[in-house]
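Here's the structure, in structure tokens; my notes come after.
The values are calculated or read from the model by the stated rules, or taken from the named source; none is laboratory data. Computed from a prediction, not measured in an experiment: that's the story for all the values here. Don't worry about glycine lacking a Cβ; one is built from the backbone with ideal geometry, like all the others, and counts go over all protein chains shown. Protein only, heavy atoms only, side chains kept; ligands, DNA and RNA dropped before computing areas. Shrake-Rupley method; radii C 1.70, N 1.55, O 1.52, S 1.80 Å.
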Amino acid sequence: MMKNVVFLLILLLFSCCSLKTERKVSEEITMARNDVDIKMVVLHHVNLIGIFTIVDVSCEEFERVFCDSMKKDTIVEPNEISLLKTYIDNLKRIDSLSINSIDTRCKLYLISPSDTTEYCVDSGGIYSDGVYYEISNELYDYIEKLEE
């Protein structure tokens, strides 16, 4: 009995340490992203709420599943890129433990000379590099306007 309690305490300690490390790495990734010079934003998207699927569409499967109905937009205008970057920089994080999956309806690619960052979007959240965010009304509306 005592061995089980000690084992559980040690397991709990390691779990807490790994979550703290994961958050710190995610914060460093986000801070590094803020300094990147974005040259182009590519959006692959379908209607955020008007398309229903039997199962959630993963980020990796999005282009394959929606290849026939997906729209593609490329943004190179600096003011539009700046606006999108502001929306993304101001996203609020969501505890990843509360998310089961993401049902991807849009992918954003922020392209700089040295890197491409991918964001997967559904009607309520965004996922990128192991971090979940709550979608802002501004970003949601921006993506929905592309559908018109």
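Hey, rough spin-label estimate for Cys67 and Glu144, points 7 angstrom out along Cα→Cβ, what's it come to in nanometres?
3.1 nm
What is the distance, in nm, between label points placed 7 Å from the Cα along the Cα-to-Cβ direction at Glu134 and at Asn100?
Here the modelled spin labels are 2.0 nm apart.
For the pair Val76/Asp115, report the inter-label distance in nm, with labels modelled 7 Å from Cα in the Cβ direction.
2.4 nm
Along the charge dipole of the range 34-147, which of His44, Ser58, Ser82 sits closest to the positive end, that is, farthest toward it, with unit charges on the beta carbon of Lys, Arg, Asp and Glu (+1, +1, -1, -1)?
With unit charges placed on the Cβ atoms, the residue in question is His44.
Could you compute how much accessible surface Val65 exposes when probed at 1.4 Å, giving the result in Å² to the nearest 10?
70 Å²
In percent, how large is the relative contact order of the range 34-147, given Cα pairs closer than 8 Å and 6 or more residues apart?
Here the relative contact order equals 33 percent.
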